[in-house]
1. For residues that are open to solvent by 20 Å² or more (accessible area, probe 1.4 Å) and not in a helix (DSSP H, G or I), scanning just segment 74-99, find the one that is farthest from GLU146 (Cα to Cα).
2. Would it be correct to say that ILE119 is more than 17 Å from LEU5 (Cα to Cα) and either modelled with pLDDT under 95 or buried (at least 18 other Cβ atoms within 10 Å of the Cβ) (or both)?
3. Within segment 152-185, take every residue that is part of a loop (DSSP other than H, G, I, E, B) and under 14 Å from the mean Cα position of the chain (by Cα) and give me the one that is farthest from LEU286 (Cα to Cα).
4. Of all the residues that make up segment 293-307, how many are surrounded by fewer than 21 Cβ atoms within 10 Å (Cβ to Cβ), in a helix (DSSP H, G or I) and out of contact with any Pro (no Cβ under 7 Å at 6 or more places or on another chain)?
5. State yes or no: is VAL271 touching a Leu at 6+ places or on another chain (Cβ under 7 Å) and either among the aliphatic types (A, V, I, L, M) or open to solvent by 40 Å² or more (accessible area, probe 1.4 Å) (or both)?
6. When you scan segment 128-136, do you find a residue that is polar (S, T, N, Q) and open to solvent by 40 Å² or more (accessible area, probe 1.4 Å), even just one?
7. Going through segment 137-149 one residue at a time, which ones are open to solvent by 10 Å² or more (accessible area, probe 1.4 Å) and away from ligand 1 (no atom under 13 Å from the Cβ)?
8. If you go through segment 60-73 one residue at a time, how many are more than 23 Å from MET111 (Cβ to Cβ) and either of a type outside the set (A, V, I, L, M, F, W, C) or surrounded by 14 or more Cβ atoms within 10 Å (Cβ to Cβ) (or both)?
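The values are calculated or read from the model by the stated rules, or taken from the named source; none is laboratory data. Fair warning: this is a prediction, and the values are worked out from it, not measured in the lab. Don't worry about glycine lacking a Cβ; one is built from the backbone with ideal geometry, like all the others, and counts go over all protein chains shown. Note: accessible area is taken over every heavy atom of the protein model, side chains too, but ligands, DNA and RNA are not part of it. Shrake-Rupley method; radii C 1.70, N 1.55, O 1.52, S 1.80 Å.
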Amino acid sequence: MNRYLDIAPEVAQALAEGRPVVALESTIISHGMPYPQNVETALAVETVIRENGAVPATIAIIGGRLKAGLTADEIEYFGKKGVEITKASRRDLPVLVARGEDGACTVTTTMMIAHMAGISVFATGGIGGVHRGAETTMDISADLEELGQTPVLVVCAGAKSILDLGLTLEYLETKGVPVIGYGTDELPAFYTRKSGFGVDYRIDTPAQLAAAFHAQREMGLKGGMLVTNPIPEEYSMDADVINQAIDQAIAESRAQGIHGKATTPFLLARVKDLTGGDSLDSNIQLVFNNARVAARTAVELAALAKA
Ligand code: PSU
Ligand code: MN
């Protein structure tokens, strides 16, 4: 067992008994939503996971310890401290751990710590990807590299068009990551159900998702699987409204010279401000929707692993 890792007792017991567990990230708590909605959402997502038959494991770095499974108090702490907590991607882990600091886990570090703990399903909102203009900035999220090398099934709502969705799909293809549409042939664009880009495969049930991921692991293929689950129709946003906000946010980030790890949080915060509370409500609902699919898939996967 990794001596830097703490697995919460309930999570450890579930894993030991082969019961389904779903990982959740903490960057969405400290950097993705305002307090107190971030804490309310994080706790409610855990409830959704439980209602669908799995044990939740929110993942974070606290005092230099890699944590798989947080208490309600720890979630409150992450939500309250917000952006003061370092956004931790792969390259941040060594120094944060050595110094005994806190870190909010992105998709990358959540996949890494989930895998260390033995958790194979992870639900989130949106993933990082290839940024628009990456042909000159080279801004490509470490999330795509992690999907290429760590065997975790990630359920998300697609990617926001703050990214270049076409290039993001090309990159995932190069890395050998299957991009699945859950009940759709089209890549969802987070706030909207459609993007104009096709996915690799459409899969309609959690059992079939589990079967594909199980086969991938049994063949010993490295890397993850990306399940893109469209936001429920009733919460989806008007494409023109959202795309206008995104275009303005990108123009502002360029004018202000925003770069590096600040880019994604800057764009997400500006889009949220420009669209008012609407985008926050949509964001919360799509996370619940992803948690349902992830938990049901984890249930099916646990059954396959036992068979
Ligand atoms: N995209 C979203 N919401 C998010 C993120 C991305 O729509 O919360 C967060 C996730 O934690 C993701 C990270 O892993 O931002 C990617 O950051 P970067 O682009 O700097 O790799
Ligand atoms: Mn980046």
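1. Residue satisfying both the conditions and the ranking: THR86.
2. In short, no.
3. Residues of segment 152-185 part of a loop (DSSP other than H, G, I, E, B): 152, 157, 159-162, 164, 175-178, 183-185.
Narrowing the set further to residues that are under 14 Å from the mean Cα position of the chain (by Cα) leaves 152, 157, 159-160.
Details: VAL152: 20, ALA157: 7, ALA159: 12, LYS160: 13 Å.
Among those residues, the one meeting the criterion is VAL152.
4. 4
5. no
6. The answer is yes, given that some residue of segment 128-136 is polar (S, T, N, Q) and open to solvent by 40 Å² or more (accessible area, probe 1.4 Å).
7. Hit for segment 137-149 is GLN149, nothing else.
8. Counting residues in segment 60-73 that are more than 23 Å from MET111 (Cβ to Cβ) and either of a type outside the set (A, V, I, L, M, F, W, C) or surrounded by 14 or more Cβ atoms within 10 Å (Cβ to Cβ) (or both) gives 1.
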